[in-house]
Amino acid sequence: MSILQFLSESLAAGVHRIGQIEIQALDSNFSLFHAEDQELANQPGHGGLEIHRDADAARDLSTYAEDGEYRFTKGQTNLRRGWLLILPSLEELRRALDLFYPAALGLLAAEKAGTLEIENLRDKLNRQTGMYRFARNISDAGAQQLIREVCGPAHQCAKRILWQLDARTPLEDSDASRYDGVPGDLDRSETFPLLCREACNHFVAECRKVSKAEAGQAKG
Ligand code: SF4
């Protein structure tokens, strides 16, 4: 099934939310806006929201948070508010969603088809080169603790973790490991969850820091 077909079928089945974005369909047009701006978006004149009509606008809208902070992964729950993106076709909607949440729809379509490939943390760390090579030395306990400190909505990440430490080592139970990838309390059948199929660069960088600290402690 193509991503476009997956998107079309999901919308027809009542899905209207991904991450912090609400999707509204009207004939063949689509509107996207921050879910917390729903009331404004539905007012006459769209409540003063800044109107965009090009899917490429999603790139700028999703790069920095409201306070100007760079968003280390697009799965962060600090998407800025105050905009409305109006798109003329399903293809443009797919393009915009791919800029807001890169690869999210592709991962979901692959998961549905049973072809989603997951990379466990050890495999990811063992692939690192240069200054990040050292990240692979992190202990299992250090990695489990880091998941609690970096992942999950308490740390502004809205993704559901699919990976383990390695094939034999699942994640320990925590708010972060239990999180289902859907911010807010919307019915799960109305949302696209966000999936984390491999640790992000931010997490790898944090592994390197912990690994160095562990090495320092071992030396005494
Ligand atoms: S590794 Fe953790 S912080 Fe990074 S994207 Fe995945 S869930 Fe989010």
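The values are calculated or read from the model by the stated rules, or taken from the named source; none is laboratory data. This is a predicted model, so every value here is computed, not measured. Please note: Cβ atoms are built from the backbone with ideal geometry, for glycine as well, and neighbour counts cover all protein chains shown. For the accessible areas, the whole protein counts, side chains as well, though only heavy atoms, and no ligand, DNA or RNA atoms are used. Shrake-Rupley method; radii C 1.70, N 1.55, O 1.52, S 1.80 Å.
Heavy-atom accessible surface of residue 195, to the nearest 10 Å², is about 10 Å², with a 1.4 Å probe and all protein chains retained. Comparing 104, 135, 113 in a Gaussian network model of the chain where C-alpha atoms under 10 Å apart are linked, the largest mean-square fluctuation is found at 113. Relative to the Cα centre, the charge distribution of region 10-144, modelled as +1 at Lys and Arg Cβ and -1 at Asp and Glu Cβ, gives a dipole magnitude of about 620 debye.
If R0 equals 25 Å, the separation of the Cβ atoms of residue 187 and residue 154 corresponds to a calculated FRET efficiency of about 0.65. When the alpha carbon gyration tensor of region 93-220 is reduced to an equivalent ellipsoid, the three semi-axes, largest first, read 29, 16, 13 Å. If I compute solvent accessible area with a 1.4 Å probe over the protein chains, what percent of it on the chain is carbon and sulfur? Percent of accessible area from carbon and sulfur atoms in the chain: 49.
Put a plus charge on the Cβ of each Lys and Arg, a minus charge on the Cβ of each Asp and Glu, and nothing anywhere else: the dipole of region 143-183 about its Cα centre is then about 120 debye.
Lysine pairs in the chain whose alpha-carbon atoms fall under 30 angstrom of each other, counting only those eight or more residues apart or on distinct chains, come to 14. For a paramagnetic label modelled at 7 Å from the Cα of residue 112 toward its Cβ, which residues of region 183-218 fall within the zone defined by backbone nitrogen distances under 11 Å? In region 183-218, the label zone of residue 112 (backbone N under 11 Å from the point 7 Å along Cα→Cβ) covers 192. Mean residue ellipticity at 222 nm, helices only, the chain: -10000 deg cm²/dmol; runs of at least 4 DSSP H residues each add -39,500 (n - 2.57), and the sum is divided by the number of residues. Averaged per residue, the chain has 51 square angstrom of accessible surface, using a 1.4 angstrom probe with ligands and nucleic acids left out. Considering only 27, 140, 37, the Gaussian network model of the chain with Cα springs below 10 Å gives its largest mean-square fluctuation to 27.
Beta bridges per DSSP, both residues in the chain: antiparallel share near 65 percent. Quotient of the Cα radius of gyration of the chain and 2.2 N^0.38 Å, N being its number of residues: 1.11. Considering only 203, 132, 174, and ranking their Cα positions along the charge dipole of region 131-220 that arises from unit charges at the beta-carbon of Lys, Arg, Asp and Glu, the one farthest toward the positive end is 132.
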